[in-house]
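Chemist: Would you mind keeping the following structure in view while I ask a few things?
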Amino acid sequence: MKRTLILIAVATLSAAGPPTVREAQKFIEDAEARLLPLSVEGQRADWVKSTYITDDTEALAAKSDERLINATVDLAKKSTRFDSLKLPDDVARKIKLLKLSLTLATPADPKESEELTRIAASMEGTYGKGKYCPPGASAGKNECLDLEDLTRLMANNRNPGELLDAWRGWHAIARPIRPEFVRYVALANKGARELGFADDGAMWRAKYDMPPDDFAKELDRLWEQVRPLYLSLHAYIRTKLREQYGPGVVPADGPIPAHLLGNMWAQTWDNIYPLAAPKDADPGFDLSEILKSRKTDYKQMVHYGEHFFTSLGFAPLPETFWERSQFVKPRDREVVCHASAWDIDFAEDVRLKMCIDITAEDFLTIHHELGHNFYQRAYDKQPFLFRDSANDGFHEAVGDTMALSVTPAYLVKIGLLDKAPDASKDIGLLLRKALEKVAFLPFGLVIDQWRWKVFSGEIPPERYNQAWWELRRKYQGVAPPVERGEADFDPGAKYHVASNTPYMRYFLADILQFQFHRALARIAGCHEPLHRCSIYGNKEAGRRFNEMLEMGLSRPWPEALAKLTGESKMDATAIRDYYAPLQAWLDQQNKGKPVGW
Ligand code: X8Z
Ligand code: ZN
């Protein structure tokens, strides 16, 4: 008894006295030891919730998320004790990261903290369970359409009325999310403010090893670099859609109606490539058709992705990956189908969660997701707080970088294609790739332009939907296909809004993957135009890539970028170089036609 008292007295004395470097070191060691098991527990609970949505799994996941967030917030607040000390680099960085590691900070009030994590789980659950039941359809007879059904319809259907119906049907699932979202914004802001940020958006912007305002300026700079390319693509596609659907549906010089671009959110447009294919330069193969005709199954799809990484020298995925992943949509329960890659124990237990469809789109998404898993394994020797990507755009860019190497020549090598089209078909290939990557750029920007303004209060709840469409028009040049009002909540029909996942990472990834690809192609000694380069099988490229990946979050991202590319700034000249031949071609096609909206 006496002994305990003395110990408490000593501990109190040391916390009250001036902070020391030694104490800071011990503090951060203990913090990592405390957070690791809480994170693993959170991952497990989230996994079960996402692969089996029920009220119970939602409540359990919310509870363990809350435990982890509360512990992180508590440690972040305590760490301010060391603010005035000159600390060793790694300790100072870890203390900084403690504050920045959260995408959701719970307020100190336990009731509010509980409410916030519960709302977050519920919004994602509503999205995951979302279905469109057309008039007369019966849910009991399985006649309602889930997002996978609607995705297929948006990709393949060319009837504007049916597309509109599907678009409307899906967007209606988000209406019930609106009131929860309003409350989530208020509580998330409160939590962020208690940690010293102006609001939750400011907390998200603080993660990039530079002052948050400078980060916003970087985004403007990058967008200006790529905007001309987007405008050319937009103008060309608008003309093609006008030919297909007529002037009553598609305006000559206004924004494109958002339901005609082959994707529920008009974020990637490659599904409408057949409408836009250049007459003399169509590569003449369709990967979706090839995969289907060969009866490729979902496991083989994943093996193709894994094989790309192992060809570069990465170790194969562990047996547990194959045992524990969710590859197909279960028939008997609700799940979150939106693809994601998991790092359950921050060591070996990596998993994929998808509802794989045998299409080219999912073939590429598998590469995207495995990029996360191989990154997770590459940094798993780092101390816990450094087990993450250099910035979140890096995490999103790794698998996409590999997918840029999925060239026709590569498909021939792995036996999926008999013969690669000759160079005269390059414009078709580049156009298809631009519909995927260039079309995405303004979408990647717009989601968080909206959310940052929502968090700051510049967009109040009564203008949520209107402001959403103003921004989508401004950046993407798309318009809602029917009149919308404030009873709608169209942002919530996008997974990342409903699931509290920041989105600017995908814009960054769209720029970064081309920078990575350019650097790796050079390392692999490819002297052809960038879109013809594949690093498949090149061990030196793999080694250099891994050198960057294994750094994790241990150093500021410009250092990680420089390690691979020799460049320390994000730079859109790589994506522009890649599409240079297409830009020239589009400008020819657009001669005499309106550009912009
Ligand atoms: O959400 C994803 C991945 C999981 S990190 C499937 N992506 C964004 C989206 O679907 O909106 C990949 C590209 C953009
Ligand atoms: Zn991703």
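Chemist: Need one number: convex hull volume per residue for the chain, Cα atoms only, in Å³. Walk me through the intermediate numbers first.
Modeler: On the way: hull volume 96.7 nm³, N = 597.
In the chain, the Cα convex hull volume per residue is 162 Å³.
Chemist: Got a sec? Charge dipole of the chain, +1 on Cβ for Lys and Arg, -1 for Asp and Glu; which of S424, N500, A137 is way out at the positive end?
Modeler: It is S424.
Chemist: Would you calculate the separation in nanometres between label points at D149 and S293, each defined as 7 Å from the Cα along the Cα-to-beta-carbon direction?
Modeler: Taking the two extended label points, one gets 3.0 nm.
Chemist: Shifting gears a bit: What full-extension length gain, to one decimal in nm, is calculated for R168 and A216 as 0.36 nm per residue of separation minus the Cα-Cα distance?
Modeler: 14.0 nm is the gain from fully extending R168 to A216.
Chemist: To continue, here is another question. Would you mind telling me the antiparallel percentage of the DSSP bridges in the chain, rounded to 5?
Modeler: In the chain, DSSP labels about 65 percent of beta bridges as antiparallel.
Chemist: Over what distance in Å are the Cα centres of the range 75-142 and the range 193-231 separated?
Modeler: Between the Cα centre of the range 75-142 and that of the range 193-231, the gap is 20 Å.
Chemist: Still on this structure: Can you give the relative contact order of the range 364-422 as a percent, counting alpha carbon pairs under 8 Å and 6+ residues apart?
Modeler: Relative contact order here is 36 percent.
Chemist: Another question, if that's okay. Taking 19 Å as the cut-off for C-alpha to C-alpha distance, list the pairs among K433/K539; K299/K437; K413/K539 that go past it. Before the final figure, lay out the partial values.
Modeler: Details: K433/K539 26 Å; K299/K437 26 Å; K413/K539 16 Å.
Where the Cα-Cα span goes over 19 Å, the pairs concerned are K433/K539; K299/K437.
Chemist: Whole-Å semi-axes of the range 109-254's equivalent ellipsoid, largest first, each the root of 5 times a Cα gyration tensor eigenvalue?
Modeler: On the way: eigenvalues 257, 173, 22 Å².
The answer is 36, 29, 11 Å, longest axis first.
Chemist: About the Cα centre of the range 372-458, how large is the charge dipole given +1 on each Lys and Arg Cβ and -1 on each Asp and Glu Cβ? Please answer in debye to the nearest 20.
Modeler: 180
Chemist: Would you please give the FRET efficiency between E348 and I414, computed as 1/(1 + (r/R0)^6) with r the Cβ-Cβ distance and R0 = 25 Å, to the nearest 0.05?
Modeler: Details: r = 27 Å, r/R0 = 1.08.
Plugging the Cβ-Cβ distance into 1/(1 + (r/R0)^6) gives 0.40.
Chemist: Treating only the Cα positions of the range 367-468 as identical point scatterers, give the base-10 log of I(q)/I(0) from the Debye formula at each q in 0.24 Å⁻¹.
Modeler: Relative scattering, expressed as log10 I(q)/I(0), comes to -1.18.
Chemist: Then there's this: Sorted by average packing, counted as other Cβ atoms within 10 angstrom per residue and highest first, what order do 543-556, 84-97 take?
Modeler: Highest-to-lowest ranking by the protection proxy: 543-556, 84-97.
Chemist: With charges set only on the Cβ (+1 for Lys and Arg, -1 for Asp and Glu), what does the dipole of the chain come to about its Cα centre, in debye to the nearest 20?
Modeler: Computed charge dipole of the chain: roughly 540 debye.
Chemist: On average, how much accessible surface per residue is there in the range 201-257, in Å², for a 1.4 Å probe, leaving out ligands, DNA and RNA?
Modeler: Normalised by residue count, the accessible surface of the range 201-257 is 38 Å².
Chemist: Report the Cα centroid-to-centroid distance between the range 270-326 and the range 444-489 in angstrom, as an integer.
Modeler: A separation of 34 Å, based on Cα centres.
Chemist: Quick one: pull the percentage of alpha-carbon pairs in the range 404-444 with a separation above 11 Å. Before the final figure, lay out each step's value.
Modeler: Values: 558 of 820 pairs.
So the portion of pairs separated by more than 11 Å is 68 percent.
Chemist: Just to confirm my numbers, what's the Cα centroid distance between the range 575-589 and the range 327-387 in Å?
Modeler: Cα centres, the range 575-589 to the range 327-387: 34 Å.
Chemist: Hey, any idea what % of the range 63-184's accessible area is carbon plus sulfur with a 1.4 Å probe?
Modeler: The nonpolar share, carbon plus sulfur, comes to 54 percent.
Chemist: Using θ = phi - 60° and the Karplus curve 6.51 cos²θ - 1.76 cosθ + 1.60, what whole-Hz ³J(HN,Hα) does each residue of the range 298-304 get, with Gly and Pro shown as x?
Modeler: So the Karplus estimates, Gly and Pro as x, are 4, 5, 5, 4, 5, 5, 4 Hz.
Chemist: In addition: Under the 0.36 nm per residue contour assumption, what length would be gained going from the current alpha-carbon distance of R22 and E319 to full extension?
Modeler: 102.8 nm
Chemist: Which number comes out as Rg/Rh for the range 107-172 once both Rg and the Kirkwood Rh are worked out on C-alpha atoms?
Modeler: 1.20
Chemist: Calculated FRET efficiency, Q588 and E224, Cβ-Cβ r, R0 25 Å, to nearest 0.05?
Modeler: 0.60
Chemist: What span do the alpha-carbon atoms of the range 274-409 cover on each of the three principal axes, reported in whole Å from largest to smallest?
Modeler: Projected onto its principal axes, the Cα set of the range 274-409 covers 54, 37, 24 Å.
Chemist: For the range 543-554, in order, what is each residue's ³J(HN,Hα) by Karplus, 6.51 cos²θ - 1.76 cosθ + 1.60 with θ = phi - 60°, in whole Hz (x at glycine and Pro)?
Modeler: With coefficients 6.51, -1.76 and 1.60, one gets 5, 5, 5, 4, 4, 6, 5, 6, 5, x, 9, 5 Hz.
Chemist: Sticking with this structure for a sec: How large is the convex hull of the C-alpha atoms of the range 445-485 per residue, in Å³?
Modeler: Details: hull volume 2.2 nm³, N = 41.
In the range 445-485, the Cα hull volume divided by residue count equals 53 Å³.
Chemist: Take every Cα pair under 8 Å in the range 472-582 that's 6+ residues apart, average their separations, divide by the length, and report that relative contact order as a whole percent.
Modeler: Numbers: 76 pairs, mean separation 28.6, N = 111.
Normalised by residue count, the contact order of the range 472-582 is 26 percent.
Chemist: To the nearest 20 debye, what is the magnitude of the charge dipole of the range 490-581 about its Cα centre, counting +1 on the Cβ of each Lys and Arg and -1 on the Cβ of each Asp and Glu?
Modeler: The dipole of the range 490-581 has a size of about 120 debye.
Chemist: Still on this model: Given a 1.4 angstrom probe, I'd like the percentage of the accessible area of the range 283-350 that is carbon and sulfur, rounded to a whole number. Present the calculation step by step, with values, prior to reporting the outcome.
Modeler: Values: 1560 of 3210 Å².
On the range 283-350, the fraction of accessible area on carbon and sulfur atoms equals 49 percent.
Chemist: I would also like to ask the following. Sorting check: for 531-541, 256-266, which peptide has the highest mean count of neighbouring beta carbons within 10 Å, and how do the rest follow?
Modeler: Highest-to-lowest ranking by the protection proxy: 256-266, 531-541.
Chemist: Here's a follow-up. For the range 537-597, report the accessible area per residue in Å² (1.4 Å probe, heavy atoms, rounded to an integer).
Modeler: Using a 1.4 Å probe on heavy atoms only, each residue of the range 537-597 averages 46 Å².
Chemist: Leaving out ligands and nucleic acids, note down the accessible area per residue over the range 453-534 with a 1.4 angstrom probe, in whole Å².
Modeler: Accessible area per residue, the range 453-534: 33 Å².
Chemist: So for the chain, averaging the separation of alpha carbon pairs under 8 Å that are six or more residues apart and normalising by length, what relative contact order in percent results?
Modeler: Working: 878 pairs, mean separation 108.9, N = 597.
Relative CO of the chain lands at 18 percent.
Chemist: Just want the answer: with Cβ charges of +1 for Lys and Arg and -1 for Asp and Glu, which residue in Q43, L153, W452 is farthest toward the dipole's positive end in the chain?
Modeler: In the chain, that residue is W452.
The values are calculated or read from the model by the stated rules, or taken from the named source; none is laboratory data. Note that the coordinates shown come from a computational prediction; the quantities given were computed from them, not determined experimentally. A quick note on method: Cβ atoms are made from the backbone with ideal geometry, for glycine too, and the neighbour counts reach across all protein chains shown. Ligands, DNA and RNA are stripped out before the accessible areas are found, and what is left, the full protein with its side chains, is counted by its heavy atoms. Shrake-Rupley method; radii C 1.70, N 1.55, O 1.52, S 1.80 Å.
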